[in-house]
């Protein structure tokens, strides 16, 4: 789920209270607390709700969860951000303005300006810059980017890309950008709104894959973002169709073929995708195979349940299917604490919201 970015002038005492509240939720066996712990505490990454509630969960565990939920690797690092912030801790600044390495910052400036020849000359003069990393914390991703990863404009920094960004990326690739950076940049390009809006998403995908980026490193992210154009481009480059991808694309036969070997997490995430993309037959297959309309989704949409995704994005038929299969109407998402009906209302889907409200009233009577 998205991290909870710290507001300006964050208070450490307030964060300590959040940790205590999380422990109280744990003690009360609150499912939302279990979901937060599962996603942000590394010791519980694969644990079931029952396993989490059966474990010992100390105040230090709660503080670590809160720190990671805020985008920091430890409580110590979170504490340092609040008590002794540096330039990189300025979350109000775009990422390129938070780079403390002046040589890396210069290379990013050349990239952003679309100065291909200037960038080529600079990397010849400073060849190690292509491997250096900036350190950013307090966000969902992009925490240790190299120069290449700045090329995708994801996260958004300027809101646009140079028209010759493909040429600039080729310069960085030719300068020796490593495999990990190529894979990460591919995922950033495949899911970024700015490359899509600039009609540069597929050209970047094509270039990166031609230079060795693994299409499988980005295919799941593209599916979860619902970006079908980039998803199909990755498949064209040889990405594997797994259960989540098949559910996203509405490939019923592939879903039927892949279901027997899929684990519960894959089935649950596929259910969320089928709901969001409006694939009724696939949603029914997944429910029949044991996917749970009341379980919080795995990483990807993990602050919501499948009913939230259907209420906000899917067709009414899937909303009705989930309710008929026992989806609870009172479950709230973790970030904004809204029910599925409130999600439907928020995005202006009055008919679906009215249906869910009527079922709430029927259940209460």
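In degrees between 0 and 90, to the nearest 10, how far off the longest principal axis of the chain does helix 179-191 point, with axes built from Cα atoms?
The angle comes out near 60 degrees.
On the Cα set of the range 93-132, report Rg and Dmax in Å, please.
9.9, 29
Using all C-alpha to C-alpha distances in the range 12-85, build P(r) with 10 Å bins and read off the rounded percent in each one.
The calculated distribution, bin by bin, is 21, 55, 20, 4.
Across every pair of different alpha-carbon atoms, what Kirkwood hydrodynamic radius in Å does the range 95-240 reach?
Values: mean 1/r = 0.0668 Å⁻¹.
About 15.0 Å, per the Kirkwood formula over Cα pairs.
Want the number for residue 117 to residue 350: 0.36 nm per residue separation, take away the alpha-carbon distance, what's left?
Working: separation 233, 0.36 × 233 = 83.88 nm, distance 5.42 nm.
The residue 117-residue 350 span can extend by a further 78.5 nm.
With a cut-off of 8 Å between alpha carbons and a minimum separation of six or more residues, what is the relative contact order of the range 95-240 in percent?
On the way: 213 pairs, mean separation 28.7, N = 146.
Relative contact order of the range 95-240: 20 percent.
Would you calculate the volume per residue, in Å³, of the smallest convex hull containing every Cα atom of the chain? Before the final figure, lay out each step's value.
Values: hull volume 53.0 nm³, N = 365.
Hull volume normalised by residue count: 145 Å³.
I want to verify the translational diffusion coefficient of the range 1-148 in µm²/s; compute it with Stokes-Einstein, Rh as the Kirkwood radius over Cα pairs, at 37 °C and 0.692 mPa s. Could the numbers behind the result be given before it?
Working: Rh = 17.3 Å.
Stokes-Einstein gives a translational diffusion coefficient of 190 µm²/s.
Taking 1 over the mean of 1/r across every pair of different Cα atoms in the range 235-361, what Kirkwood radius in Å do you get? Write out the running numbers ahead of the final one.
Details: mean 1/r = 0.0694 Å⁻¹.
After inverting the pairwise mean of 1/r, the radius is 14.4 Å.
Restricting things to alpha carbons, tell me how big the range 157-221 is in terms of Rg and Dmax, in Å.
So, for the range 157-221, Rg and Dmax equal 11.0, 28 Å respectively.
So, in Å, what gap is there between the alpha-carbon centers of the range 235-282 and the range 184-233?
19 Å
Please give the direction-averaged projected area of the C-alpha convex hull for the range 1-49, in square nanometres with one decimal.
The orientation-averaged projected area of the Cα hull of the range 1-49 comes to 3.8 nm².
Any chance you could give the angle, 0 to 90 degrees and rounded to 10, that helix 59-69 forms with the longest Cα principal axis of the chain?
So the helix axis and the longest Cα principal axis differ by about 60 degrees.
Which angle between 0 and 90 degrees, to the nearest 10, do you get for helix 102-113 versus the longest principal axis of the chain when only C-alpha atoms count?
80 degrees
What fraction of the Cα pairs in the range 209-248, stated in percent, has a spacing above 12 angstrom?
Numbers: 382 of 780 pairs.
Pairs farther apart than 12 Å: 49 percent.
Where a number appears in this text, it was derived from the coordinates with a stated rule and is not lab data. This one's a predicted model, so the numbers in the text were calculated from it and none came from an experiment.
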